[in-house]
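Read through the structure below, which is laid out as structure tokens, and then see the notes.
The values are calculated or read from the model by the stated rules, or taken from the named source; none is laboratory data. No experiment lies behind these values; they were computed from the predicted model shown. A quick note on method: Cβ atoms are made from the backbone with ideal geometry, for glycine too, and the neighbour counts reach across all protein chains shown.
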Amino acid sequence: MLSLESSPNSESKTFYDSLSIKKYPEFGKNHVSYSDILNIKFEESDDRQFEESLKSMLSKPIDVLGLLTDWQKGKLKGAGIHTIEELHLKTEDQLIENIYKVGPHRARLMKNAANAELLEYLSG
């Protein structure tokens with residue numbers, strides 16, 4: 001508000017002097033205004049819909065993973081990993097052991113790609 005004034009420095013003293021804590025209502029935690037909160041009913045979400053959605057995402061092919069290169073996708077398919085779930089269930093050590101020319105860095109990238117896709121999907 002003060003920045004809109006032509007001379008904010010001279011107006012600020014008047015503005016600050018006019019402020020008072022008495023102008024604002026204060027409510028304690030036992031104030032009657034909060035009594036309605038106790039009566040709020042929350043609907044329980046249907047876990048079945050969430051599980052079906054997650055299964056749908058896990059069954060998608062690894063081709064949907066935008067963070068992986070075509071070479072990495074080809075290597076995963078060559079190792080028998082065709083879905084996001086299969087990749088998600090493998091450890092980095094298993095990827096290193098089963099895929100030629102994949103070390104700790106690439107294995108971590110592959111795992112992170114699957115995790116990122118799942119988290120993005122779940123978070124909306």
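If you go through the range 65-76 one residue at a time, how many are surrounded by 12 or more Cβ atoms within 10 Å (Cβ to Cβ) and among the charged types (D, E, K, R)? Number satisfying all stated conditions: 2. Between I81, I62, I21, I96, the distinction of being in contact with a Lys or Arg (Cβ under 6 Å, 6 or more places away or on another chain) and of a type in the set (V, I, T) belongs to I62 only. Against the list (1) surrounded by 10 or more Cβ atoms within 10 Å (Cβ to Cβ); (2) modelled with pLDDT under 80, the condition I62 fails is (2). I81 falls short on exactly one of the conditions (1) within 24 Å of F50 (Cβ to Cβ); (2) of a type in the set (A, V, I, L, M, F, W, C); (3) surrounded by 19 or more Cβ atoms within 10 Å (Cβ to Cβ), and that condition is (1). For beta carbons closer than 6 Å, sequence separation of 6+ or different chains, a first residue in the range 67-82 that is assigned by TED's automatic domain parsing to the domain that holds N98 and a second that is of a type in the set (V, I, T), the qualifying pairs are K73/I62; K75/I99; L76/I62; A79/I99.
Could you check the range 84-124 and list, in sequence order, the residues that are over 23 Å from E52 (Cα atoms) and basic (K, R)?
Within the range 84-124, K101, R106, R108 meet the criteria.
Restricting attention to the range 1-55, the residues being farther than 29 Å from L122 by Cα, of a type in the set (A, V, I, L, M, F, W, C) and surrounded by 10 or more Cβ atoms within 10 Å (Cβ to Cβ) number 2.
Taking the range 90-111 as the search range and keeping residues that are among the acidic types (D, E) and loosely packed, with under 15 Cβ neighbours inside 10 Å, which one is nearest to G80 (Cα to Cα)? Within the range 90-111, the match that is nearest to G80 (Cα to Cα) is E97. Counting the residues of the range 95-113 that are within 14 Å of K75 (Cβ to Cβ) and in a helix (DSSP H, G or I) gives 11.
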